[in-house]
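Everything below concerns the one structure shown next.
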Amino acid sequence: MSTDMKRIVFFLGSPRVNGNSERLAKAFAAGAQSKGAETIFFRLQDMTLKGCIDCRQCWTKDKHCIIDDDMTQLYESIDKSNVLVFVTPIYWYSWSAQIKVVWDRMLPYISEKTKSVITGKECVLLATAGDIYESAFNGVLESFDRSTSLLGLNVAGKVCAYNVYDIGDIEQSDWLNRAKELGVAVGGQIRES
């Protein structure tokens, strides 16, 4: 039996650099790195990601998707990772536009022609909201739970930090500690036979 360290990929769905959701992701990453995990971050705002056109041409050109954009980098990283971390601020009680496109482009993984299986990989949700009510996350939680189930992903945890609007508000609570603790729990070794 060989032992490897986990490879964790983060999809940063906020257009704000070092905003509350990114700080939450960094705290999670610090916890995971303390257990030896490798972390890779994608700032989606800085990438060219086109929306899914539902053409059902997944894998027809021997690649995930026929759309030629930066999603190719994300597919490669998803395929090589053990853990996917979706990081988003809540916009209008849902995903940010930057991260929603990534979810829409996950279609190749449920295609009957799929050449890459992600079933069984771990998945984490890190979300922030300026709203003072925890119910602000209901839409994202419904989408996350149904989508991860459809993809066969194992939910390893969620941190939904509310009442954090201005940049830095996240520092005034225990949300970062919760994210770091989850990172420690998720970031341990994987075992392969």
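Dipole of region 2-192, Cα-centred, from +1 at each Lys and Arg C-beta and -1 at each Asp and Glu C-beta, to the nearest 20 debye? Intermediate results must be reported in sequence, preceding the final value.
Details: 22 positive and 24 negative charges, 90 e Å.
The dipole of region 2-192 has a size of about 440 debye.
For F28, the shell of other residues with beta-carbons less than 13 Å away shows a net charge of +4, using +1 for Lys and Arg and -1 for Asp and Glu. Protection proxy ranking for 80-92, 133-145, 27-39, using the average of other Cβ atoms within 10 Å per residue and placing the highest first: 80-92, 27-39, 133-145. List the lysines whose Cα sits under 30 Å from the Cα of K158, skipping any in the same chain fewer than 8 residues away. K158 reaches K6, K26, K35, K50, K80, K100, K115, K121, K180.
Only DSSP H runs of four or more residues enter the estimate; each adds -39500 (n - 2.57), and after division by the residues of the chain the mean residue ellipticity at 222 nm equals -9000 deg cm²/dmol. Each label was represented as a point 7 Å from its Cα along the Cα-to-Cβ direction; for K35 and S173 these points are 2.4 nm apart. The separation of region 81-113 from region 124-166, counted between C-alpha centres, amounts to 12 Å.
Laboratory data are not the source of any read-out in this text; all were calculated from the coordinates shown. Treat the numbers as computed from the prediction; the structure is a model and nothing was measured. In this analysis, Cβ positions are derived from the backbone assuming ideal geometry, glycine residues included, and neighbour counts consider all displayed protein chains.
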